[in-house]
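One structure is given below, encoded as structure tokens.
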Amino acid sequence: MRPGYLLGMVVIVGLCAGSAWAADTDGDGVPDASDNAPYVWNPGQEDWDSDGVGDVADNAPNVWNPEQRDYDSDGVGDVADNAPLCSNPTQEDSDADYIGDVYDPYPFDGNLPVISVIAKLGGPYTVTPGNPIILDVSGSDSDFDDYLGFWLDLDGDGDYRDADKVYYGVDLDSITVPWDKVQAFGLDSGTHNIWLKVGAYNGTATDMATVTPEPATLALLALGGLGVLIDRRRK
């Protein structure tokens, strides 16, 4: 093989490798790896709500929602959708009560009483190492005969976005908190209060439950602390 031919092949391979590292799918001059909307042209990278998703691709550009949840797949993010359970891409709201016509039982009357909602979280709960927590929400209800929305606050900071998703259902009996979430929020050590928010139509309610590690786990934690104390005294 001639040296010049080999050199040309090396240059071509090098260029191809370089282009792979600097891929720019939408051709806006911003590499995909750092583009906040890699499939939509937006050289200015505008992101009004600072959620890491560019305005041109954000399904709720004025509300922070990095996970872009859209339960009804209508292109409007749950956090901004006036009927998050019913597809309504145009967001019609005839009585301007912030409840979409497709979900509003009285779409032309904006002065309805607030719906009564009951949130029941059950408990108290005991954490067993390696196992999820099964939360009993079967007592939750409302006088609005439609879906209920369930949100979890696992660390008591008032942010009800701690679950992997918003749970919806008419007859939802339980919500499972997986072991990785249990660990992530420290529920496997010490006693903690967790909160449930339930929403239906224009009403919401909350309830609290206590989570405690099983006695054997607490004993191991105590022994671990004692061992650290003895070790420090030896030093």
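Observations, loosely collected:
- Boolean, Asp81 is in a loop (DSSP other than H, G, I, E, B) and either among the polar types (S, T, N, Q) or surrounded by 13 or more Cβ atoms within 10 Å (Cβ to Cβ) (or both): yes
- Flag if Asp81 is within 20 Å of the chain's Cα centre (by Cα) and either closer than 20 Å to Ala163 by Cα or at pLDDT 90 or above (or both): yes
Listed here are the residues, each with its yes/no results for (1) within 27 Å of Gly199 (Cβ to Cβ); (2) in a loop (DSSP other than H, G, I, E, B); (3) of a type in the set (A, V, I, L, M).
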residue: Gly29; (1), (2), (3): no, yes, no
residue: Trp41; (1), (2), (3): no, yes, no
residue: Trp48; (1), (2), (3): yes, yes, no
residue: Val63; (1), (2), (3): yes, yes, yes
residue: Thr90; (1), (2), (3): yes, yes, no
residue: Tyr103; (1), (2), (3): yes, yes, no
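- Residues that are β-branched (Val, Ile, Thr) and at pLDDT below 90, drawn from segment 118-169: Val166
- Flag for Gly75 being on the phi > 0 side of the Ramachandran plot and surrounded by fewer than 19 Cβ atoms within 10 Å (Cβ to Cβ): yes
- Flag not set for Tyr160, criterion: outside the structural domain of Asp188 (by TED's automatic domain parsing), touching an Asp or Glu at 6+ places or on another chain (Cβ under 8 Å), crowded, with 17+ Cβ neighbours inside 10 Å and hydroxyl-bearing (Ser, Thr, Tyr).
- Residue that is surrounded by the most Cβ atoms within 10 Å (Cβ to Cβ), among those in segment 174-188 that are assigned to a loop (DSSP other than H, G, I, E, B) and at pLDDT 90 or above: Leu187
Quick grid of which residues meet (1) assigned by TED's automatic domain parsing to the domain that holds Thr128; (2) more than 11 Å from Leu154 (Cβ to Cβ); (3) surrounded by 15 or more Cβ atoms within 10 Å (Cβ to Cβ); (4) in contact (Cβ under 8 Å) with a residue 40 or more places away in the chain:
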site	(1), (2), (3), (4)
Leu172	yes, yes, yes, no
Thr204	yes, yes, yes, yes
Met208	yes, yes, no, yes
Thr212	yes, yes, yes, yes
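The values are calculated or read from the model by the stated rules, or taken from the named source; none is laboratory data. Just so it is clear, the model here is predicted, and its values are computed rather than measured. Heads up, the Cβs are rebuilt from the backbone with ideal geometry, glycines too, and the neighbour counts pull from every protein chain shown.
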